[in-house]
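The values are calculated or read from the model by the stated rules, or taken from the named source; none is laboratory data. Just so it is clear, the structure is predicted and the values come from calculations on it, not from any experiment. With ideal geometry, Cβ positions are generated from the backbone for all residues, glycine too; neighbour counts draw on all protein chains shown. Keep in mind that these areas ignore ligands, DNA and RNA; they rest on the heavy atoms of the full protein, side chains included. Shrake-Rupley method; radii C 1.70, N 1.55, O 1.52, S 1.80 Å.
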Amino acid sequence: MVKESVQAGRRSFKSLASTIDIVGPIERSSRLDRPIRGLAKAVRRRIGPGRLRDLLHGVPTGKPLHPPLVTFVVGCWAATSVIDLTGTGSRAARTVLTAGLGAALPAVASGITDWSVIHREQQRVGFVHAITNLTAFGLYAGSLALRIGGRERAARLLSYAGLGAAGLGGFLGGHLSYRQAVGANHADSVAHLVPLGWYDLCSLNDLPNGRPVARRLGYIDLFVLRVDGEVTVLADHCPHLAGPLHQGRLVAEGGAACVTCPWHGSTFRLSDGAVVHGPATAPVPAFDTRIRRDGVIQVRPAQR
Ligand code: FES
């Protein structure tokens, strides 16, 4: 009897979960791939590598820029509706609505820059997320125009509709962040997988000179570069979306040796894994190295 009810409970939970999976079909559908491809390419061309792009990704602060900007925008818009509902001041409502519209511009710029360098399934959800948020922007802009024209009642209705669209956009944004891990640090687990201490990695003679290779340390994939008698070791997974860094290009940036991720071009300093260029905003975990007398390379998580 108990077993049957547990099974029935499981069945109804499963059917509820599949009923509310409205994002899965978007993620899997290739219908919008052509405009997505074209738009992503145009964005990458328009906002080319450099300071502006790094700024829009959030490289200077080490955190993605889009989430805090969006939080401010949605906060302003939600406040507009609260003020409207309580009738505490049309001037205050107009002020926070305008602040939200103003902050939406950099929020869109940072969001679309992040979006242009993610996987296709993520771009599909991101595309619909952008449409819903642009709809919200249009509704709030219309609401502001009506408020300026003195049509308060219609303006409030438009704001409520805008809040609904922004809510849907937020739901999709949540899926992007928490299910599809856009903006998350994909190399963070490394620090938890390697307890402190020195570990044997491989023999110096087993490594090619001047060409990065992948090696494993327990569960961890490592980027290993030998240049004559010097060995550099970083985590191999790019913090942006886990691209294989050992397949990247070795470059020099500001006099420092770096590696550029083969997937979306994040660039990391070899000496400490610091981000030189995005889209990654988190550094790649670095390892200290030493070479034993018998030529065995030992590594440990960097003590910095
Ligand atoms: S995975 Fe995107 S830059 Fe490395």
- prompt: From Cα coordinates alone, what are the radius of gyration and Dmax values for the stretch 2-179 in angstrom?
  reply: 19.4, 64
Normalised convex hull volume, the stretch 190-301, alpha-carbon set, Å³ per residue: 90 Å³
message: For the stretch 32-59 and the stretch 250-284, what is the centre-to-centre distance using only Cα atoms, to the nearest Å?
response: 18 Å
- request: Show that you can apply the helix-only estimate: for the chain, add -39,500 (n - 2.57) for every DSSP H stretch of four or more residues, divide by all residues, and state [θ] at 222 nm to the nearest 500.
  value: -16000 deg cm²/dmol
field: Angstrom value of the Kirkwood radius, inverse mean 1/r, which spans all Cα pairs in the stretch 48-116
entry: 13.0 Å
task: Would you pull out the residues with amide H under 5 Å of A242's amide H, same chain only if 5 or more places away, H placed 1.01 Å from N?
output: H186
- prompt: Within the stretch 59-78, what residues put their amide N at less than 18 Å from the label point 7 Å along the Cα-to-Cβ vector of Y178?
  reply: 67-68, 70-72, 74-75
- line: Between A274 and I22, the two model label points (7 Å from Cα along the beta-carbon direction) sit apart by a distance in nm of 4.5 nm
field: Estimated FRET transfer efficiency when R0 is 22 angstrom, pair T71-A42 (beta carbons, to 0.05)
entry: 0.20
- prompt: In whole percent, what relative contact order does the stretch 2-179 give with Cα contacts below 8 Å and a gap of six or more residues?
  reply: 24 percent
- request: List the residues whose amide H sits under 5 Å from the amide H of D288, counting only those 5 or more places along or on another chain, with H placed 1.01 Å from N in the peptide plane.
  value: R300, A302, Q303
statement: In the stretch 2-179 the accessible area split gives carbon plus sulfur, as whole percent at 1.4 Å, a share of 65 percent
message: Sequence gap at least 6, Cα distance under 8 Å: using those rules, report the relative contact order of the chain to the nearest whole percent.
response: 15 percent
query: Which three extents, in whole angstrom, do the alpha-carbon atoms of the chain cover along their principal axes, largest first?
result: 82, 66, 38
- request: Return the distance in nm (one decimal) between the two label points of a simple spin-label model at E230 and T95, each offset 7 Å from Cα along Cα→Cβ.
  value: 5.7 nm
query: Does a label point 7 Å from the Cα of D294, set along Cα-to-beta-carbon, have any residues of the stretch 198-234 with amide nitrogen under 16 Å, and which are they?
result: 199-206
- request: Write down the accessible area per residue of the chain in Å², having rolled a 1.4 Å probe over the full set of protein chains.
  value: 55 Å²
Spin-label pair I148/E121, simplified geometry with 7 Å Cα→Cβ offset, distance in nm: 4.4 nm
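To the nearest 0.05, how large is the calculated FRET efficiency for T86 and T61 if R₀ is 30 Å and r is the Cβ-Cβ distance? Don't jump to the answer; show the numbers that get you there.
Working: r = 35 Å, r/R0 = 1.17.
With a Förster radius of 30 Å, E is 0.30.
Percent of accessible area on the stretch 190-301 owned by carbon and sulfur, 1.4 Å probe? All intermediate terms of the calculation are to be shown ahead of the outcome.
Numbers: 2610 of 5280 Å².
The value for the stretch 190-301 is 49 percent carbon and sulfur by accessible area.
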